[in-house]
1. Can you tell me which residues in segment 185-214 are under 13 Å from the mean Cα position of the chain (by Cα), outside any helix (DSSP H, G or I) and not hydrophobic (A, V, I, L, M, F, W, C)?
2. Tell me whether segment 189-209 contains one or more residues that are within 27 Å of residue 238 (Cα to Cα) and touching a strand residue (DSSP E or B) at 6+ places or on another chain (Cβ under 7 Å).
3. Kindly indicate whether residue 151 is in contact with a helix residue (DSSP H, G or I) (Cβ under 9 Å, 6 or more places away or on another chain) and of a type outside the set (Gly, Ala, Ser).
4. For segment 202-238, what are the residues that are open to solvent by 60 Å² or more (accessible area, probe 1.4 Å) and free of Cβ contacts under 8 Å to residues at least 24 places away in the same chain?
5. Need pairs with beta-carbon distance below 6 Å; first residue under 21 Å from residue 187 (Cα atoms) and free of Cβ contacts under 8 Å to residues at least 40 places away in the same chain and within segment 86-98, second open to solvent by less than 80 Å² (accessible area, probe 1.4 Å) and among the hydrophobic types (A, V, I, L, M, F, W, C); sequence gap 6+ or separate chains.
6. Can you name every residue in segment 50-59 that is surrounded by 13 or more Cβ atoms within 10 Å (Cβ to Cβ), in contact with a Ser or Thr (Cβ under 8 Å, 6 or more places away or on another chain) and not small (Gly, Ala, Ser)?
7. Could you tell me which of the residues 67, 127, 145 is surrounded by 12 or more Cβ atoms within 10 Å (Cβ to Cβ), more than 21 Å from the chain's Cα centre (by Cα) and not aliphatic (A, V, I, L, M)?
8. Quick check on segment 111-119. Is at least one of its residues in contact (Cβ under 8 Å) with a residue 24 or more places away in the chain, of a type in the set (Val, Ile, Thr) and closer than 30 Å to residue 163 by Cβ?
Amino acid sequence: MNLSSEEKNIFLSLAALISVIAIVCIIGIIMFNSHETEYIQGQAEVNEYRISSKVPGRILEIRVKEGQQVKAGDTLAILEAPDIEAKLAQAKAVRNAASAQNAKAQKGARDEEIQGAYELWQKAKAGLEIMEKSYNRVENLFKEGVVSEQKRDEVKAQYDAAVATEKAAQSQYTMAKNGAENETKAMAAAQVRQADGVVAEVNAYIDETTLTASIDGEVSEIFPMLGELVGTGAPIMNIAVIDDLWTTFNVREEDCQRHCPRRICRQV
């Protein structure tokens, strides 16, 4: 069939229009059936706990890095505290001295000390016997009027001094033989316990120079550098507790109603 030029133009125009309509319909169907990915912005947060020391010192070693997972009990850092170590040495010296005094009090005097006290007592007894004879002789002469009263008083004073010396020597011997009194022993034992308490306290401070994790987590931030000085309670690092993670999102109401169950949207 032969078509005129005008008819051909009309036919081509109709074909082009139909093609455009078909393309638009196809694009519309594709866009209608396709689901564009929607992004919802939110924020995730975790609880953290801070690692710090009870004693001042210098950072000697850091055994973890930021982002590293740690378990409870893992060593995180070690401090160097020479002042605390010096106090520990002093406390141990005091405890050793107290222990020696306690041992001496509990055991009593040595055999040599007991023997020495006994010999001093015997010497004092011999001196007292001599002074007693001298006093009796002078007393008789005084009664007979041979010696003066002053001479008798001088000898009497020497005799009284000899009596006191003999009693003191006897007390020293009895004390050395019987050992320390119960009160002295109790005091010596108490001094040992007190010294042990000081040593235990300083050891507790020494333990604080080793910093460990108390809960599983992740090292989120480390503050000091290796070799830096840190004070008491100064923060060393933060540990994020990953198991304690929580998030928050901001969702528009129309998006919530379109994508979420109605009961959830009512609750929000």
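1. The answer is 208, 209, 210, 212.
2. Looking for residues that are within 27 Å of residue 238 (Cα to Cα) and touching a strand residue (DSSP E or B) at 6+ places or on another chain (Cβ under 7 Å), one finds at least one in segment 189-209, hence yes.
3. Values: in contact with a helix residue (DSSP H, G or I) (Cβ under 9 Å, 6 or more places away or on another chain): yes; of a type outside the set (Gly, Ala, Ser): yes.
Yes.
4. Within segment 202-238, 207, 223 qualify.
5. none
6. Scanning segment 50-59 gives 55, 56.
7. On the way: 67 fails: surrounded by 12 or more Cβ atoms within 10 Å (Cβ to Cβ); 145 fails: surrounded by 12 or more Cβ atoms within 10 Å (Cβ to Cβ).
On inspection, the qualifying residue turns out to be 127.
8. Yes, segment 111-119 contains a residue that is in contact (Cβ under 8 Å) with a residue 24 or more places away in the chain, of a type in the set (Val, Ile, Thr) and closer than 30 Å to residue 163 by Cβ.
The values are calculated or read from the model by the stated rules, or taken from the named source; none is laboratory data. Keep in mind it's a predicted model, so treat the numbers as computed, not measured. Backbone-built Cβ (ideal geometry, glycine too); neighbour counts: all protein chains shown. When the accessible area is computed, the model is the full protein with side chains, heavy atoms only, and any ligands, DNA or RNA have been set aside. Shrake-Rupley method; radii C 1.70, N 1.55, O 1.52, S 1.80 Å.
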